[in-house]
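Have a look at the structure below before the remarks.
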Amino acid sequence: MTSPSEALRRTVAWRSVRRSLAVALLIGTVLNTINQGPEILTGHWPIWWKLLLTYSVPFCVASYGSYAAFRTSA
């Protein structure tokens with residue numbers, strides 16, 4: 001098992017952050033299309049805080065998954 005501080009250091013390393021950003025971009029775009037697509041297609045602006053949350057939640061989930069994997073790795 002890796003120490004929590006080492007797992008955190010590896011989680012915030014650029015390689016892990018880049019992977020989490022890619023997941024957030026893909027999943028966030030799909031979710032925003034589902035949740036706010038009709039409004040955007042009719043010419044309305046999306047609700048900005050929902051837009052931000054929809055991208056930040058997959059980023060946090062992917063980052064936590066990285067942390068958990070690093071924490072349990074040898």
> Any idea how many residues of segment 38-51 are out of contact with any helix residue (DSSP H, G or I) (no Cβ under 9 Å at 6 or more places or on another chain) and surrounded by 12 or more Cβ atoms within 10 Å (Cβ to Cβ)?
Replying inline: 1
>> Six or more apart or on different chains, Cβ atoms under 8 Å: show the pairs whose first residue is in segment 23-47 and under 21 Å from Val61 (Cβ atoms) and whose second is part of a loop (DSSP other than H, G, I, E, B).
In response: Asn32/Pro46; Gln36/Pro46; Gln36/Ile47
>> So Gly37 ticks every box in (1) at pLDDT 95 or above; (2) more than 17 Å from Gly65 (Cβ to Cβ) but one. Which box is left unticked?
In response: (1)
> Tell me, which residue of segment 24-36 that is crowded, with 17+ Cβ neighbours inside 10 Å and closer than 26 Å to Thr72 by Cβ is farthest from the chain's Cα centre (by Cα)?
Replying inline: Ile27
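The values are calculated or read from the model by the stated rules, or taken from the named source; none is laboratory data. Note that the coordinates shown come from a computational prediction; the quantities given were computed from them, not determined experimentally. Glycine also receives a Cβ, built like all others from the backbone with ideal geometry; neighbour counts cover every protein chain displayed.
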